[in-house]
Structures are given as structure tokens and as C-alpha cells.
Amino acid sequence: MLQAELHAGRGNAPEAAALPLAVTRLTLTDFRNYAAERIEVATRPVVLTGANGAGKTNVLEALSYLTPGRGLRGVRLPELARIGGAGGWSVAARIETPSGVAAVGTGIEGRAADSDDDEGAERRVVRIDGAPARGPAALADLIRVVWLTPQMDRLFTEGRSDRRRFLDRLVLGYDPEHGRRVGAYERVTRERLKLLRDGGGDDSWLTALEGRMAEATVAIAAARREAVMRLRGALAAGIGPFPRAELTVRGLAEDLLGEHAAVEVEGRLQALLRRNRTADRDANRTQEGAHRADLEVVHLAKGLPAALCSTGEQKALLVAVVLADARLQAVHRGAPPLLLLDEVAAHLDETRREALFDEILALGSQAWMTGTDRALFERLTGKALFLGVAQGKVTDG
Ligand SMILES: Nc1ncnc2c1ncn2[C@@H]1O[C@H](COP(=O)(O)OP(=O)(O)OP(=O)(O)O)[C@@H](O)[C@H]1O
Ligand SMILES: [Mg+2]
């Protein structure tokens, strides 16, 4: 009923088509350089243009907190609070999904200057349709957001943790439980390491923790393998001028699962964790588990790993992965994910840029794109909503 009203209100009621996945209202409070800002948009793609430092990426970053995880810049949550504000921040959104409209809010409370409640400041509260959710993981059931940022130009050449996070964000689209499992795994892993470090560690308690770690690692690895397998099919077929790519997830459990039953892999992992107790304590880190996996990407036409490709080729590979995922999601979930594309147009040649825009329009994805140069988005005139950003204010472009 509400959906029908919303569409009727906009005067463009779609006849039969499923609703796209889109944010139609975004409210930022004390978020980065936004004191209080409300953006109302349609379900079409959005182009944000403005000068350096205007607040374009900050809008995308706010949208990235509508999903579980550490956000587009991966920073600590208090850092997002507006300098000069009360210390808290919030992002609220109206989200249209294929199964209805939802109101989502997330953020952290400000805290008194003398408070030492660091834990509280690191945990964000999530509300869905007015009711508190158990945590950010609940957002995965509602909405999917995938992003590409200039920082990700180094995704293939730097450490594996960002690649793994990129992969895990993709996995969420195929298995919304994935975020909860990864979160639970990280908590148990921290608990075991703390016990080892503190010299405590009643054997049966450690064994129980290691059992949970092994079980979670196998479940996480299986979900990663499944998502990568699906993506491989879409990527091998190729997407327009974007390079065909081969994806592989590497990790002890991921590799073992290719040849052994899950229970056996779990048993081996648990035995390994037990053997590693002393070494893990001495190194103050857990040497094996779900947090060690990596995503390998090969440029098929060149037969080269992504890390040996040019900057532009690496970007094109990433775009190919994101578009392949969006295509699959459109079928799998009835809607492609929200795409946050920070300065992507500026990094692609004209052919690829136009192919990207055409693909976004064909998918019906609400892509939020940023750039300093509006001319690069000319092809989207009349098809996307253009907004101007200046000094923490968003205006009709
Ligand atoms: N916590 C904060 N409080 C207030 N301002 C902040 C905070 N964090 C970042 N800023 C400021 O927000 C402004 C906008 O940042 P943002 O990254 O969104 O710019 P941008 O429009 O994407 O610019 P560019 O084109 O250079 O990428 C910057 O001037 C930055 O210093
Ligand atoms: Mg920016």
C-alpha cells in the first residue's frame, strides 16, 4: 500500500516491474562536514559534482553505513562525527526494496569528554522501521551496497585484508548471514588470543573456543567459495569492454574444501589451532583462520595477475567484478545493489566510461557517482539526477 502511494505520489507508477533497490531519502546529522542535511532523490542514478573538499565522498561514505561492516573508508566510528558537533552522528534513510519500503537509521551517540567508554563509541546502533535491530548485520537482509573508491586502486597491490573485505562484501549478497558469521568469528578469535596472552586458558575452554573458530572458518570459507563460483561464471562471459577475469579465493579452509568434506576440514583446523597455541601467544596474533583468506584476480586476456596490470586495467577489472555481481544480484535478489562509485568516471577512458553508464542504466541500479567535472557525466543527462555539493550542502545540480 505504502509503496503504491509513494509511486503514485511521484506520478510515475511503474506498471509491473519490481521495485529497484534505492535510497530515496538520506538524512545526515553531524556526519563529517554535514551538520544537518536531507537529500531526497528518485530511484534513478545520482551524480554528485562539486569542488575538492565539498563533501561528495562523505555522502557515499554515509550510504556505506546502510550495510554491515566498517564503511567505505574503514575508519573508527568516532572519526565520522562532525568536528565541532556533540560527538555523535547519525545517518537515516528511506530505502525502497523489491519487498517494500523501510526506514533505516544508524549512528553512535555522543559521549561525555570524561567518559572512557571506548567500546560504546565503537558500536553503532541500528534501527529498522523504528525498532532497534540487534546490530548492523540485520541491514544485510534489507539492502546491499557495493563501492569503488580511488583508494581501491591499490587493492591488488597492497595487503590482503582489503581484498578480503571486498570479497566479504560481495559474499553478503549471496548469503546475508555471512556478516554475522564473520563478526562472531572475530569475537571468538579475540577472546582466544586474550586468554592465551593472559596465561589463563583452561584447556577445555580454549578447546571450545577453537571448535567455534574452526566451525565458523569452514562456514565462512564455504560461503566465499560459493559466491566466487557464481561470480566466475558471470566474469568469464565478459561485460562489454571490461576485461574478462578469473577469480579464486585462497585460504587454508577454502583450499581444503575443494578436496575434503566440511567436517574433516573443521577437524583439521581445530587441531591446527590447538597446535598453534604457543606460537599464536608469542606472536600475539592468530596465524590461521578465516581472517587469512585472499582473493586472487587474473586478467584472462593477458594471462596476468591483477597486480601486474596497469592502473587503468586494474580499475577496469574491479569494475568488471562489481558489474558481474550487480548482474547476478539483479537475478538472485530481484534487484541490483546500490553502487557507490567515487570518482570512477575520471579513471576510465571514454569507451569504458560510457559502457559503465549504459550498464548501470540497463541494470536499473541506483548508482551514486561523484566527480569534480560534470562534463564526464554528459551521457547521463536526463537519465540520472544531478546534485551539486558545496561546503557540506547538497543542492539541485
Ligand atoms: N569529522 C569531520 N568533521 C568535519 N569535517 C570533516 C570531517 N571529516 C572530514 N571532513 C571534511 O569534509 C570535507 C569534505 O570531504 P570529502 O572527502 O567528502 O570531499 P570531496 O567532495 O569528496 O572532495 P574530493 O573531490 O577532494 O574527493 C573535507 O574538507 C574534510 O576535511
Ligand atoms: Mg572525494
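Just so it is clear, none of the values below were taken in a lab; they were calculated from the coordinates. The structure displayed is predicted, hence computed values, not measured ones. Here the Cβ is made from the backbone with ideal geometry for all residues, glycine too, and neighbour counts use every protein chain on show.
Figures for the structure shown
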quantity	calculated
Test item: Cα-centred dipole of the range 160-308, Lys/Arg +1 and Asp/Glu -1 on Cβ, debye	460
Helix 350-363 axis, angle to the chain major axis (alpha carbon atoms, nearest 10°)	90
Extension reserve of the Thr381-Asp198 stretch, reckoned as 0.36 nm per residue once the Cα distance is removed	59.8 nm
Stokes-Einstein translational diffusion, the range 264-331 - Kirkwood Rh over all Cα pairs, 1.306 mPa s, 10 °C, in µm²/s	103
Ala102 versus Thr207: modelled label distance in nm, points set 7 Å from Cα along the beta carbon direction	4.1
Compactness index (Cα Rg / 2.2 N^0.38 Å), the range 312-397	1.11
Cα-derived Rg over Rh, computed across the range 169-274 with Rh taken as Kirkwood radius	1.09
Rounded to the nearest 20 debye, dipole of the chain from Cβ charges on Lys, Arg, Asp, Glu	120
Computed magnitude of the charge dipole of the range 224-372 (debye, nearest 20; Cβ of K, R +1, Cβ of D, E -1)	460
From the C-alpha gyration tensor of the chain, square roots of 5λ in Å	36, 27, 20
Residue order, fewest to most surrounding Cβ atoms within 10 angstrom, among Thr43, Thr207, Thr370, Thr27	Thr207, Thr27, Thr43, Thr370
Charge tally in the Cβ shell below 10 Å around Thr149, where Lys, Arg are +1 and Asp, Glu are -1, Thr149 excluded	-3
Under-5 Å amide H pairs with Val394, H placed in peptide plane, nonlocal only	none
Two-decimal ratio, the range 209-360, of alpha-carbon radius of gyration to 2.2 N^0.38 Å	1.26
DSSP loop trypsin sites (Lys or Arg not before Pro) with at most 14 other Cβ within 10 Å: longest gap in the chain	135-284
Farthest positive-ward along the chain dipole, Cα basis, beta-carbon charges - from Pro241, Leu385, Leu356	Pro241
Computed helical MRE - 222 nm, the chain, DSSP H runs ≥ 4 contributing -39500 (n - 2.57), nearest 500	-12500 deg cm²/dmol
Contact order normalised by residue count of the range 35-165, Cα under 8 Å, 6+ apart, percent	21
Selected from His299, Leu252, Gln270, residue furthest toward positive end of dipole (the range 160-308; charges at beta carbon)	His299
Anchor Lys383: lysines whose Cα lies under 21 Å away (excluding residues fewer than 8 positions away in-chain)	Lys56
Folded to 0 to 90 degrees: helix 160-174 orientation relative to the chain principal axis, Cα	70
Whichever lysines have a C-alpha closer than 30 Å to that of Lys302, once near sequence neighbours (fewer than 8 apart) are set aside	Lys315
Length released on extending from Ala236 to Asp255, taking residue separation times 0.36 nm less the Cα-Cα span	4.7 nm
The range 95-217 shape via C-alpha gyration tensor axes, a/c threshold 1.5	prolate
Cα lying deepest toward the dipole's positive end in the chain, options Pro136, Ser204, His347, charges on Cβ	His347
Using alpha carbons only: equivalent-ellipsoid semi-axes of the range 214-288, gyration tensor based, whole Å	32, 15, 8
